[in-house]
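Enquirer: One structure coming up, written as structure tokens, with questions to follow.
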There are 2 protein chains.
Amino acid sequence: MKSFKNLCKEELLKERENLQKQYDNYLKENLDLDMSRGKPCKEQLDLSNDILNINDYISRDNIDLRNYGILDGIKEAKKLFADILDIDENNIIIGGNSTLNMIYDAIARLYMFGYMDNTPWCKLSKIKFLCPVPGYDRHFDILEKFGFEMINIPITENGINMDMVENLCKNDEAIKGIICVPLYSNPTGTCYSKETVERLAKMETKAKDFKIFWDNAYALHYIYEKIELYNIFDACKKYNTQDRILYFFSTSKINFPGGGVSILAGSDNTIKDTLKHLSKQTIGYDKINQLKTVKFLKNKENTLKLMEAHSNILKPKFDIVLNTLEENFKNNPILKWEKPKGGYFVSVDTLEGLAKKVVAMCKEVGVVLTDAGSTYPKKIDINDTNIRIAPSFPSLEELQKAINIFCLCVKIATIDKMLAENNL
Amino acid sequence: MKSFKNLCKEELLKERENLQKQYDNYLKENLDLDMSRGKPCKEQLDLSNDILNINDYISRDNIDLRNYGILDGIKEAKKLFADILDIDENNIIIGGNSTLNMIYDAIARLYMFGYMDNTPWCKLSKIKFLCPVPGYDRHFDILEKFGFEMINIPITENGINMDMVENLCKNDEAIKGIICVPLYSNPTGTCYSKETVERLAKMETKAKDFKIFWDNAYALHYIYEKIELYNIFDACKKYNTQDRILYFFSTSKINFPGGGVSILAGSDNTIKDTLKHLSKQTIGYDKINQLKTVKFLKNKENTLKLMEAHSNILKPKFDIVLNTLEENFKNNPILKWEKPKGGYFVSVDTLEGLAKKVVAMCKEVGVVLTDAGSTYPKKIDINDTNIRIAPSFPSLEELQKAINIFCLCVKIATIDKMLAENNL
């Protein structure tokens, strides 16, 4: 296919007509295809069905886990995740089934009670957070809920624009945190380089209680390439800044999103401070599920094998999306994207002002995408270009159809824009 | 045994010596007996072991519960608890494994965001809560954590001193709530009468966003007598005060404390307001555990059968405690208690100023009781009389020994008090 910019008005109009016919045909099919959320597919969930048959309830140190107690999580779970994440087991708390809830709780604690001797954030007139964009909508939703001002930080090839981050944090005491997905980032697939991690650990922050929310949600979730993330705790130890880290991880996309186990890791001070508050909040999380998780995952090696199986299911899906984008737009640069090395998404950028329109056109023909703008705080993508594609949930066949339709909609929207703007 | 008050100084001293010998003998035994927490015993936990073998994950409406979604809980769980509690299933949210966490979260939401259009409590200079005493230490701990002023409300035969409650609520806008265990109350076993429930529903409150935290933790947990609690939602409907109710329940003491399911019930407004906030906090609670709970409990009838089995295990334990207290103190009224109809505790009152001493003496000989004072806000029992005895966890043999030691300690402490005070 020729690049649109090499077509004259008549050719564009002809192409537009041809594309519209295809679109109209899809309309008749009453499709119901979903590329909106990063949900594992059935085949991925089936990889973990053996966990359903584990019925143990006695811990390795002979504690009856059916009963009350053990606020910070069972030892064997701490050991397992310590091994997987290369974090000291004493710096880990095992929680319930949702890291999002753990992140929300951590922010709520800082808001209501403050970190150690610092003023609770609810007592301050202004709180600001740095938000790498495009990013994860549910992170931004939490920050918005608390009324924090969100400052966009552009994602770069090696992580985020650290010059900007350093400059802002050094000079503004109201900036209390940044929320990062450092590996196979949602949605861009960005992996933070060692330098980025080092600079986050080293940087000066005017706020004494500055926090890095390190949501390592995709720590093991490679597709095309395994990337080793530099250990932020190691980096922080050099600069004595461990207290700024709140590290999150979960098994939601390892075993079951609906019944996994979440992890919070932090410095000695952070763990102590967190447990002080947590001891009033709950008697303990679901320890039976913690034990099931450990008995199922067994150890790091076995967990990595499971992740390889996930990768093997996801790779053909990402191939479909990426190959189809390539076929459609290689010689017609009206859509930009990067090939992610892992994670759950392909992030694409249309020409300016087209993302909402493309998503709406897809929706009308039965292809659901995450709402345009969702990857930005308050859902405001000022350029209206970014769209998050989630290939994991649909079948290969559904996905091929959905991405074909997506490409079709991008083309129609782009021609309309060209025709309107350029008076060709 | 003769009443101490009929003994002369010499007789008291002789009795003291005799009791001390028994105490010293116990000291040599290096005992380790625990009557401190309301934990089910192993035999009770074993009643629910079949739940461990349930491995379903498809809901009745054919949803794969392994995956993300369903914020408010699976339908069949709502139906089950609606039947058990006689509440409309649309007014129920199914949560994680801890009602304490649900209560904390509900308070945190009111503190951070406020109820509907009301001012968030964190923005007000003073918040007060009414606390029926003696009461549940973990409730008071949460209120203390939020910095609320706690006002003691005496427990009465039919619930709580409602004259006092009505008078306070009518006149003080800073009073934002009351936290009640309305059936087989912790620790007194008190059951709120229909009149008490009606008056709570009907009473005028100066605070528009006044909340009744209705922690019906022991709804089904009878031992000597099944008591029907008047449905507070029915009462509130008469006076259009449904929005003041936050109703909590859990299966912690039905199946497993470490892996049960919690329930929040409220008015249409309350559920809507709660879900609005909850949708930012989490994607959903552990639905697999919700399904397991439903498949195991099956229906109301079967759940009540299970509770009868719990009751059969607990009754002999309560018999031991109550009979031993009767034997020791029937004719020697130095200790007061009421026979509870259900729940997990026996609440006793020593003579003034002896509770701390008795608990310390018990501890020294290896019998652990809940700290004296714990049943009051900030652990301040100004008369130092109340002690909470939890008979559920120890074996019958251990319990008999522990309660014997307890009675011994009460007697020694009382004689010492009499000798010191009266210069007999």
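Enquirer: Going through B:Asn328, B:Asn323 one at a time, which residue ends up being out of contact with any Asp or Glu (no Cβ under 9 Å at 6 or more places or on another chain), assigned to a helix (DSSP H, G or I), outside the structural domain of B:Pro187 (by TED's automatic domain parsing) and loosely packed, with under 14 Cβ neighbours inside 10 Å?
Expert: B:Asn323
Enquirer: For residues that are of a type in the set (Val, Ile, Thr) and touching a Ser or Thr at 6+ places or on another chain (Cβ under 8 Å), scanning just region B:237-264, find the one that is farthest from the other protein chains (Cβ to nearest Cβ).
Expert: We begin by selecting, within region B:237-264, every residue of a type in the set (Val, Ile, Thr); these are B:241, B:245, B:251, B:254, B:261, B:263.
Those still in the list that are touching a Ser or Thr at 6+ places or on another chain (Cβ under 8 Å) too: B:245, B:251, B:254, B:261, B:263.
Numbers: B:Ile245: 22, B:Thr251: 12, B:Ile254: 12, B:Val261: 10, B:Ile263: 15 Å.
Ranking the qualifying residues of region B:237-264, first place goes to B:Ile245.
Enquirer: Out of (1) farther than 26 Å from B:Asp61 by Cα; (2) free of Cβ contacts under 8 Å to residues at least 40 places away in the same chain, what's the single condition that is false for B:Gly258?
Expert: All conditions are met except number (2).
Enquirer: Taking region A:35-74 as the search range and keeping residues that are in a strand (DSSP E or B) and within 12 Å of another protein chain (Cβ to nearest Cβ), which one is surrounded by the most Cβ atoms within 10 Å (Cβ to Cβ)? Write out each step before concluding.
Expert: Applying the first criterion (in a strand (DSSP E or B)) to region A:35-74 yields A:35, A:58, A:64.
Still in the running and within 12 Å of another protein chain (Cβ to nearest Cβ): A:58, A:64.
Numbers: A:Ile58: 11, A:Asp64: 17.
The selected residue is A:Asp64.
Enquirer: Search region A:356-394 for residues being in a loop (DSSP other than H, G, I, E, B) and of a type in the set (Val, Ile, Thr), and hand back the single one that is surrounded by the fewest Cβ atoms within 10 Å (Cβ to Cβ).
Expert: It comes out as A:Ile382.
Enquirer: Which one is farthest from A:Ile313 (Cα to Cα) among residues in region A:347-366 that are in contact with a Ser or Thr (Cβ under 9 Å, 6 or more places away or on another chain) and touching a residue at least 40 places away in the same chain (Cβ under 8 Å)?
Expert: It comes out as A:Gly353.
Enquirer: I need a count of the residues in region A:3-29 that are over 12 Å from A:Ile412 (Cβ atoms) and exposed (fewer than 11 other Cβ atoms within 10 Å of the Cβ).
Expert: Total meeting the criteria: 5.
Enquirer: Can I ask one more? Do we find that B:Leu304 is within 14 Å of another protein chain (Cβ to nearest Cβ), surrounded by fewer than 19 Cβ atoms within 10 Å (Cβ to Cβ) and among the aliphatic types (A, V, I, L, M) in this structure?
Expert: In short, no.
Enquirer: Looking at A:Phe256, A:Phe248, which is the one that is part of a strand (DSSP E or B) and either crowded, with 22+ Cβ neighbours inside 10 Å or within 20 Å of the chain's Cα centre (by Cα) (or both)?
Expert: Criteria check complete, one pass: A:Phe248.
Enquirer: Here is a further query. Take A:Lys287 and decide whether it is crowded, with 24+ Cβ neighbours inside 10 Å, within 12 Å of chain B (Cβ to nearest Cβ), within 25 Å of B:Asp105 (Cβ to Cβ) and of a type in the set (Lys, Arg).
Expert: Considered against the rule, which asks whether it is crowded, with 24+ Cβ neighbours inside 10 Å, within 12 Å of chain B (Cβ to nearest Cβ), within 25 Å of B:Asp105 (Cβ to Cβ) and of a type in the set (Lys, Arg), A:Lys287 comes out as yes.
Enquirer: Another question, then. Exactly one condition in (1) farther than 18 Å from B:Arg244 by Cβ; (2) surrounded by fewer than 24 Cβ atoms within 10 Å (Cβ to Cβ) is false for B:Ile271; which is it?
Expert: In the conditions (1) farther than 18 Å from B:Arg244 by Cβ; (2) surrounded by fewer than 24 Cβ atoms within 10 Å (Cβ to Cβ), B:Ile271 misses (1) alone.
Enquirer: On to the next question. Consider B:Lys292 carefully, then state whether it is of a type in the set (D, E, K, R) and within 14 Å of chain A (Cβ to nearest Cβ).
Expert: yes
Enquirer: Among the listed residues A:Lys145, A:Lys128, A:Lys194, which satisfies the condition of being within 11 Å of another protein chain (Cβ to nearest Cβ), surrounded by fewer than 22 Cβ atoms within 10 Å (Cβ to Cβ) and of a type in the set (D, E, K, R)?
Expert: A:Lys145
Enquirer: Now, a different point. For residues that are touching a Lys or Arg at 6+ places or on another chain (Cβ under 9 Å) and aromatic (Phe, Trp, Tyr), tally how many sit in region B:56-83.
Expert: 2
Enquirer: So which of B:Tyr115, B:Tyr111 ends up being away from chain A (no Cβ under 12 Å), buried (at least 18 other Cβ atoms within 10 Å of the Cβ), among the hydroxyl-bearing types (Ser, Thr, Tyr) and closer than 21 Å to B:Ile178 by Cβ?
Expert: From the options B:Tyr115, B:Tyr111, the qualifying one is B:Tyr115.
Enquirer: Here's something else I'd like to know. Take the residues of region B:79-90 that are part of a helix (DSSP H, G or I) and within 23 Å of the chain's Cα centre (by Cα): which is surrounded by the most Cβ atoms within 10 Å (Cβ to Cβ)?
Expert: Checked region B:79-90; the qualifying residue surrounded by the most Cβ atoms within 10 Å (Cβ to Cβ) is B:Phe81.
Enquirer: Taking region A:196-228 only, how many residues are part of a loop (DSSP other than H, G, I, E, B) and acidic (Asp, Glu)?
Expert: Adding up the residues that qualify gives 4.
The values are calculated or read from the model by the stated rules, or taken from the named source; none is laboratory data. Small disclaimer: the values here were computed from a predicted structure and weren't measured. Note: ideal-geometry Cβ built from the backbone for every residue, glycine included; neighbour counts use all protein chains shown.
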